[in-house]
Amino acid sequence: MEVRRAPRLQAKHKFSKRPPVIDYLPHPLDLQDEDTPNALTYVEQYQRRFSASFRDHWNWTNKLKDRAYFAELLRNAQREDRCLRDEKVLTWRKEDIKMVYDDLIKGYEPYVKSLRENGSSIEPDIDCVWREDDFLDNDGLRLKLITAMDALRNVFFMNDEWRLTSDNPVIDFINPYCWPIVYRRSVSDINDDILVEPPKANSGHGVHKLYSRKFCWLPSEFKVSPDGKSTRITSYINNLALISQERLLYPILAKIFTYFVPMFDRTLADIEGRKYLCRRVRSPPDKPEIWKLSATTYKRRWERLLAQFQNGERLQENFDSDSSEEEPEYEDEDEGPVEKQPRLKPPPRKRYIKVRELALYRRKIGRRWEPPKLSESTGLKGQTVKVIVRLMNINLPPRGPKFATRGGWMTEGVLNERIVATGIYCYAQKNLENPRIVFSLQIKETSNDKDWRLAHNISMEATNQEIGATSLKDNRAITFPNIFSYRLDLSLQDDDRPGYCKFVIFHICDLNSQESNL
C-alpha cells in the first residue's frame, strides 16, 4: 500500500475532508482522526523491538550475514517474548522471522551502506527516529562544548537567582520556560513599539486548538546555508544574554545544529510521508481460533525452524497442531482376568502453550521499511529555521531513585510554538546503566474485546501506546517527531557513586506555521 503524503499535501486530493490549504505538519495537540494511527499488534511490537535492538549492535551490517548469530538472538528474543500478560503464547513464527530478516536485508542494510559510502554515519532507529554515533569526535567541537558549558555553569551557580535545590536532579542552563514571550507585554524586536499579540483562535482547521493566551516560548532564527554545511544564528537565543556568552556558545551551537540538519531532514520527511501510520501486519479477528500445543512438541518444532533459517532453507515449519506428533496410545488386549498390579505414580502433567492468532500475516497493509523521500518542502537547507534551544543536565545522587521524566510522558510546547521535531545530543554521561528514551504515540479508540487487549498488549482504556525506545549512548545524537511523547529512563550503574547525563536539545518549529513566526 502506498504511504499517504503529509496532511497539507493530502488536502489537495479530491476526496479529502480537509480545508483546501493546510500549511502544517501534524502536531499532537490537534491531531486529526485520519492522522491518528491504529494500535500496534503485539506481534509487530516484538518484531520492531528485535529489529531496533539488532541494528544497535556495533557493525550490525556484517553481523547480519552470520545466520548462526542471528538465530541465537532469535532464540533469546523468543524466550523473552513468549510471556504475555501472564500467559504463554506462541511468538516468532516463520512469518515473523521472514518479515524481520527481509526488512533488515532488503530495506535497512542497503540504505545504511549507501549513506556510509557517501561519508555519513547517520542511521534509522525506530520508525521516524534517526541517530548518529560519535557525533562530535572529529573536529574537537565536543571538547569546546564541554569547556563552554563549564564556564556557563560557573556563572549559573554564582547567580543566587538561578540556584536550584539539591533535591532537583534537572538543571536547565537554557530553559525556554524562563523569560518567555508574555503576550501584550513583550515588545517585538522588529518594531519596538508593537506588543506581541496572542495567536488568533481561527486557524482554519475547524477543531478546537490548545493555545496559551498568556505565554509562548521564544524561538531563535537559525539560517542554514543552501548546501546545508553551515549555519548562522541571526537572532537572540533566549537566556544567553551576555555578550561573552554569545561569543562563546553561538558558534558552537550553530555548528552542532549543522550536524543535526541531515537527521532533521529525514525525520521531517518521515512525518511528511506519514511513516508513523505504517503498520506491517493487521490486527487478528475478533474471535481468533485458540488451540494448545505441548511444550515438548513446540520446542522440537522451534529448533527445526531455527535450523531451517540457519541453513538458508525455505522456512516451512509451522505450529498449527501437534496431533500428528502425539505418541499413539495402544489398548491392552483382553487376555482374561488381570492380576492386581502395584500402583504406579501418575505420569507428569503435560505443559502446554496457548496458540492463538495474534496477527494476520497474509494481508499486509504496509511494505517493508523504505528510506524517506527528501523534499524541499521539509528540508532545512537554505531555510531560516525557528529553533528553541535548551541546555540541560540531569544529576543522579548516590543511592538515589531511578530518574524518569517529570510528569511521565512529555510533549514539547503547545500550538503557539508548533514544535514538529526535536533533536537531542548527549555530549557527556557518567555511571549510568543503559540510559534510554522511550516513545509513545496517540492511537485510535481501542476495542473492549479481551482478545483485542491481549493481541495488542495494551489496556482497553489506553489512548497512547508505547512504540519503542532508543539508547542514549555517550556522544550520540537523535531526532524524533514531536507527535511522539517521550520519557527519559536513567538509573545508576554503581549505586554508591553519583551519575549524570548532559544534553543539548533543539526544538524545530513548523517551517510553514505563521504562529511560530514571532
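Since every read-out is calculated from the coordinates, none of them should be taken as a lab result. Note that the structure is predicted; figures quoted are calculated from it, not measured. With ideal geometry, Cβ positions are generated from the backbone for all residues, glycine too; neighbour counts draw on all protein chains shown.
If r is the Cβ-Cβ distance from Lys214 to Leu29 and R0 is 25 Å, what FRET efficiency results, to the nearest 0.05? Numbers along the way, then the final one.
Details: r = 16 Å, r/R0 = 0.66.
FRET efficiency, Lys214 to Leu29: 0.90.
If I stretch the segment between Arg300 and Leu374 completely, what's the gain in nm (0.36 nm per residue apart, minus their alpha carbon distance), one decimal?
On the way: separation 74, 0.36 × 74 = 26.64 nm, distance 4.72 nm.
Here the segment from Arg300 to Leu374 would lengthen by 21.9 nm.
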At q = 0.23 Å⁻¹, what is the base-10 log of I(q)/I(0) for the stretch 213-280 according to the Debye formula with one equal point scatterer per Cα and no solvent? Please give it to two decimals. -1.00
Chymotrypsin sites (Phe, Trp or Tyr not before Pro) in the stretch 48-146 lying in a DSSP loop, each with at most 12 other Cβ atoms within 10 Å of its Cβ, come to Trp58
Taking every pair of alpha-carbon atoms in the stretch 63-118, what share in percent sits in each 5 Å bin, from 0 to the bin with the longest distance? 4, 16, 21, 21, 15, 11, 7, 3, 2, 0
When a footprinting reagent is the concern and you count Cβ atoms within 10 Å, what order do Phe260, Phe215 take, fewest first? Phe215, Phe260
For a footprinting-style exposure proxy, rank Phe503, Phe264 by other Cβ within 10 Å, fewest first. Phe503, Phe264
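Counting other Cβ atoms within 10 Å, which trypsin sites (Lys or Arg not before Pro) in the stretch 65-126 have at most 13 and lie in a DSSP loop?
Within the stretch 65-126, the qualifying trypsin sites (Lys or Arg not before Pro) (loop, at most 13 other Cβ atoms within 10 Å) are Lys65, Arg85.
What ratio of Cα Rg to 2.2 N^0.38 Å holds for the stretch 359-511?
Values: Rg = 18.6 Å, N = 153, 2.2 N^0.38 = 14.9 Å.
Rounded to two decimals, the normalised Rg is 1.25.
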Please give the peptides 142-149, 252-259 ranked by average Cβ packing (other Cβ atoms within 10 Å per residue), highest first, as a rough proxy for protection. 252-259, 142-149
For labels at Glu80 and Ser459 in the simple 7 Å Cα→Cβ model, what's the distance in nm? 2.4 nm
Sorted by chain and number, the residues with a modelled amide H under 5 Å from that of Gly499, at a separation of 5 or more or across chains, are Leu396
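Rounded to a whole number, what is D in µm²/s for the stretch 411-473 from Stokes-Einstein with the Kirkwood radius over alpha-carbon pairs (4 °C, 1.567 mPa s)? Spell out each step's value before the answer.
Numbers: Rh = 14.8 Å.
Roughly 87 µm²/s, to the nearest whole number.
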Sorted from fewest to most neighbouring beta carbons within 10 Å, what does the list His27, His507 look like? His507, His27
The pairs in Lys144/Lys214; Lys98/Lys275; Lys63/Lys94; Lys106/Lys292; Lys287/Lys444 lying past 26 Å Cα-Cα in this model are Lys144/Lys214; Lys106/Lys292
Alpha carbon centroid spacing (whole Å) that separates the stretch 287-322 from the stretch 468-514: 40 Å
